[in-house]
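Structure first, then comments.
Read-outs: derived from the displayed coordinates by stated rules, not from any lab. As the structure is a prediction and not an experimental result, all values here were calculated from the model. Methodologically, a virtual Cβ is constructed for each residue, glycine included, from the backbone with ideal geometry; neighbour enumeration extends over all protein chains shown.
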Amino acid sequence: MNYEVFWGPIAESMLAEIWLDAPNRGFATQTAADLERKLAQDPLHLGESRASSVQRIVYQPPLGIEFEVIEDDKRVIVQGVFANPTS
């Protein structure tokens, strides 16, 4: 079953800032879209857990994202985005 992915306002702002500073904006856009697709498909098996099994982080250069999975609602909330130029 697919999950609905929401980008919190702070995460959207962080992504916009990273995009503006990116040497290759197309690659940053493509990576964000790829991560969103992966989050929608199987977020609990993406990246690694943090404080709990539903608080997770994933790295895919040039981005890293922090997210929360709300299993009962089949939702993913992206809480933060950061530049991750290398893995």
Residues being without any contact (Cβ under 8 Å) to a residue 24 or more places away in the chain and within 12 Å of residue 63 (Cβ to Cβ): count how many of those fall in segment 1-16.
-> 0
Do any residues in segment 66-87 that are over 15 Å from residue 48 (Cα atoms) and free of Cβ contacts under 8 Å to residues at least 40 places away in the same chain have Cβ atoms under 7 Å from those of residues that are of a type in the set (Lys, Arg) and part of a loop (DSSP other than H, G, I, E, B), where the two are at least six apart or on different chains, and which pairs are they?
-> none
Taking segment 1-57 and keeping residues charged (D, E, K, R), within 15 Å of residue 75 (Cα to Cα) and under 11 Å from the mean Cα position of the chain (by Cα) leaves 36, 37, 38, 56
Residue pairs within 6 Å by beta carbon, gap of at least six or interchain, first lying in segment 19-38 and touching a residue at least 24 places away in the same chain (Cβ under 8 Å), second polar (S, T, N, Q), listed first then second, are 31/60; 35/60
